[in-house]
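The values are calculated or read from the model by the stated rules, or taken from the named source; none is laboratory data. Not measured: the values here are computed from a predicted model. Glycine also receives a Cβ, built like all others from the backbone with ideal geometry; neighbour counts cover every protein chain displayed. The accessibility values were calculated without ligands, DNA or RNA, using every heavy atom of the protein model including side chains. Shrake-Rupley method; radii C 1.70, N 1.55, O 1.52, S 1.80 Å.
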Amino acid sequence: MAARGEFSSRTAFILAASGSAIGLGNIWGFPIKVASNGGGAFVFTYIILTFLLAYPILMAELVIGRYAKADTVRSMVAISSLRTRPLAAFTGYWGIVTASLILSFYAIIAGWMISHGVGSAVELVGASSNWFVTDSTARSLAFGVIFYLLTISIVANGVASGIERWSTRLMPVLILLIVLLIIYIATQPGAAEGWRVYVQPDFSKVLEPNLVLDALSQAFFSLSLGVGTMMVYGSYVSKSENLPRLGASVAAIDIGIAVMAGMLVIPAMYVAQHNGVTIYDESGNLIESGRLIFNVLPSLFETMGGAGIAVSLLFFVLMSIAALTSSISMLEVPVAYASESHSITRKKSAWLVGGFVFLMSVAIILNMGWLFDRVVQFATEFSEPLVGILFCLFVGWVWKRDQLLQEMREGSPQVEQTFFWKIWPTYVKVVCPLIVFGLLTRSFGFWEFVGQLVY
Ligand code: PHE
């Protein structure tokens, strides 16, 4: 078995795990859900749910990983009993499948982000960007290849000299870009209306079932839960670190960046509207989210003259960085398994597994019309919640309580006296599985069914 890596410091872990958490989900998904769900009301519910529900599951993944110091399959087996071993291994494998499925569609979108970025750069030197910003199979394939090459070469270099090195370089750039863009957009005419929508919550919507479920699934995806990413990253954390505190920092940073992305994208949408671009259709619904990012924002940038091209370039660089630090964490899940459980060198497993997932992306690109949405739905609405529930059930019902406590005590010897330890075990045991189950049932149309019965 290859030697295991470890993050060199607390900051390195926090940046890598935040890099995983902060992705297209924050900068694209979150603002759009805010805009279509009553503005600030969504933010309010989202923040509460992240701490109440997503954070406890994040902790479950981190603690399993750090206890076992192994890939997801062996980690799950390590906390199982003799009878539950097959289910534990299955859960680990299912996480690997889910991580690969998510990567297979995520990388395609990330490729489009890079191509829009390159398009802006090309325009900056006065050439035509048409090919780069127009949808085509050739474009998706070409930029898919580029994105995979970046992702694979980082993961191939291992935990310290690949994942950690690039996360610690890219995350500060990402934060700087967001801040610059927020400031610039805020000075544009029309931005004030966007800020108003964003900060004035429509409290009548806070408890709407659709909003709550949207917020929950957003929180889940955004913290990279239910695929084993956080478990694998947790397995590279030193025993001397205080896990509950590390997890809380990651959750807080993830929320912080999502809220900041809202300060950028929502005012930008209203600036676009001010400049004559349609963002809400006749029935008052927000236009489809893909068009919003790839059509509305670019047409907004066009109305800003020369500065617009630079703003566009920075925006798509921001998106590409956010996607890259997330995709490396997705690829790490199967790569850790291949290199640890099958004694293939890390380099070889990164290229083999990455190559295989790339082929999945090619299949999706060639069958865009019917396959893309299905893969997204299956992976994020069904698989992720299911694996998340299984992680919680194992921590809550199968793992021996004294072993769990002992692992938690590493790096936080006083944990037993904390508020965290008073509620967290019951939470992962009962509350999280039940509520995530509610999320899962949504993917079967269960709530529409109940609605029909009630009304
Ligand atoms: N959290 C990432 C985002 O918000 C997505 C992700 C999901 C990353 C699952 C890793 C694992 O974009």
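The figures follow:
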read-out	value
GLY256 being within 14 Å of the ligand (Cβ to nearest atom) and at positive phi	no
Residues within region 119-176 that are of a type in the set (Asp, Glu), surrounded by fewer than 22 Cβ atoms within 10 Å (Cβ to Cβ) and part of a helix (DSSP H, G or I), tallied	1
Filter result (within 20 Å of the chain's Cα centre (by Cα) and not aliphatic (A, V, I, L, M)) within region 354-368	GLY354, PHE358, SER361
Number of positions in region 9-38 that are among the aromatic types (Phe, Trp, Tyr) and either open to solvent by less than 10 Å² (accessible area, probe 1.4 Å) or touching a strand residue (DSSP E or B) at 6+ places or on another chain (Cβ under 8 Å) (or both)	2
Single condition ALA272 does not satisfy, out of (1) open to solvent by less than 30 Å² (accessible area, probe 1.4 Å); (2) at pLDDT 95 or above	(2)
In region 55-91, the residues that are under 24 Å from the mean Cα position of the chain (by Cα), polar (S, T, N, Q) and closer than 17 Å to LYS429 by Cβ	THR91
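Every residue, every condition in (1) open to solvent by 10 Å² or more (accessible area, probe 1.4 Å); (2) at pLDDT below 95; (3) in a helix (DSSP H, G or I), yes or no:
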residue	(1), (2), (3)
LEU331	no, no, yes
PHE358	yes, no, yes
ALA363	yes, no, yes
TRP370	yes, yes, yes
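For (1) buried (at least 24 other Cβ atoms within 10 Å of the Cβ); (2) under 20 Å from the mean Cα position of the chain (by Cα), each residue gets a yes or a no:
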| position | (1), (2) |
| --- | --- |
| GLY290 | no, yes |
| VAL296 | no, no |
| LEU300 | yes, no |
| THR303 | no, no |
| GLY306 | no, no |
| ILE309 | no, no |
| LEU313 | no, no |
| LEU318 | no, yes |
| SER326 | yes, yes |
